[in-house]
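The values are calculated or read from the model by the stated rules, or taken from the named source; none is laboratory data. Note that the coordinates shown come from a computational prediction; the quantities given were computed from them, not determined experimentally. Because the Cβ atoms are built from the backbone with ideal geometry, glycine has one as well, and the counts that use them run over all protein chains shown.
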């Protein structure tokens with residue numbers, strides 16, 4: 001008696017092509033998320049130009065959410081040593097098309113070995129879309145629905161990052 005069937009050659013080919021496609025998509029996602037987006041548009045800024053780098057990150061972010069940059073509200077710079085890694089963060093005022101003021105948090109890291117700034121985090125503070133997550137109606141949802149909601153938020157942020165890179169008219 002022969003062993004269990006391994007499937008037809010066509011079925012194995014379809015499974016391999018599908019697995020290869022998934023691997024390509026995941027590789028492209030990882031490349032974009034960890035290497036392209038964090039450094040995008042921040043080339044050419046020295047370590048001391050952290051405020052300009054924060055504003056550039058905010059100016060890149062704003063069109064992806066249909067917002068306009070107003071001003072840098074506050075920033076801070078922390079160096080870990082001479083010509084070593086450093087951190088800069090700040091809040092930027094943005095304006096919505098309706099004239100509402102929105103505040104953006106920008107956190108950057110300077111890599112001394114690469115002589116480049118990198119986005120650590122950038123997000124709208126007190127985003128109305130995040131308030132929904134804490135509403136009573138959402139808190140009553142089961143864990144599965146909350147997980148789906150969190151995945152949708154993560155997907156929305158990834159798509160926003162792609163829009164940010166695609167909408168940038170002045171990459172540096």
Output for Cβ contacts, cut-off 9 Å, separation at least six or different chains, first residue in contact (Cβ under 8 Å) with a residue 40 or more places away in the chain in the range 65-82, second assigned to a loop (DSSP other than H, G, I, E, B), reads 65/96
Scanning the range 106-122 for residues that are at pLDDT 85 or above and surrounded by 15 or more Cβ atoms within 10 Å (Cβ to Cβ) gives 106, 107, 108, 109, 110, 116, 117, 118, 119, 122
Cβ pairs under 7 Å, 6+ apart or interchain, first in the range 1-25 and modelled with pLDDT under 90, second exposed (fewer than 10 other Cβ atoms within 10 Å of the Cβ) and in a helix (DSSP H, G or I), ordered by first then second residue, are none
Sole miss for residue 98 among (1) modelled with pLDDT of 90 or more; (2) in contact with a helix residue (DSSP H, G or I) (Cβ under 7 Å, 6 or more places away or on another chain) is condition (2)
Residue set 61, 45, 39; condition in contact (Cβ under 8 Å) with a residue 60 or more places away in the chain, assigned to a loop (DSSP other than H, G, I, E, B) and closer than 30 Å to residue 100 by Cα; output residue 39
The lone condition residue 168 fails out of (1) surrounded by 15 or more Cβ atoms within 10 Å (Cβ to Cβ); (2) modelled with pLDDT of 85 or more; (3) in contact with a helix residue (DSSP H, G or I) (Cβ under 8 Å, 6 or more places away or on another chain) is (2)
Residue 141: surrounded by 12 or more Cβ atoms within 10 Å (Cβ to Cβ) and at pLDDT below 85, yes or no? yes
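For residue 70, indicate whether it is more than 19 Å from the chain's Cα centre (by Cα), at pLDDT 90 or above and surrounded by 15 or more Cβ atoms within 10 Å (Cβ to Cβ). Full working, then the answer.
Working: more than 19 Å from the chain's Cα centre (by Cα): yes; at pLDDT 90 or above: yes; surrounded by 15 or more Cβ atoms within 10 Å (Cβ to Cβ): yes.
Yes.
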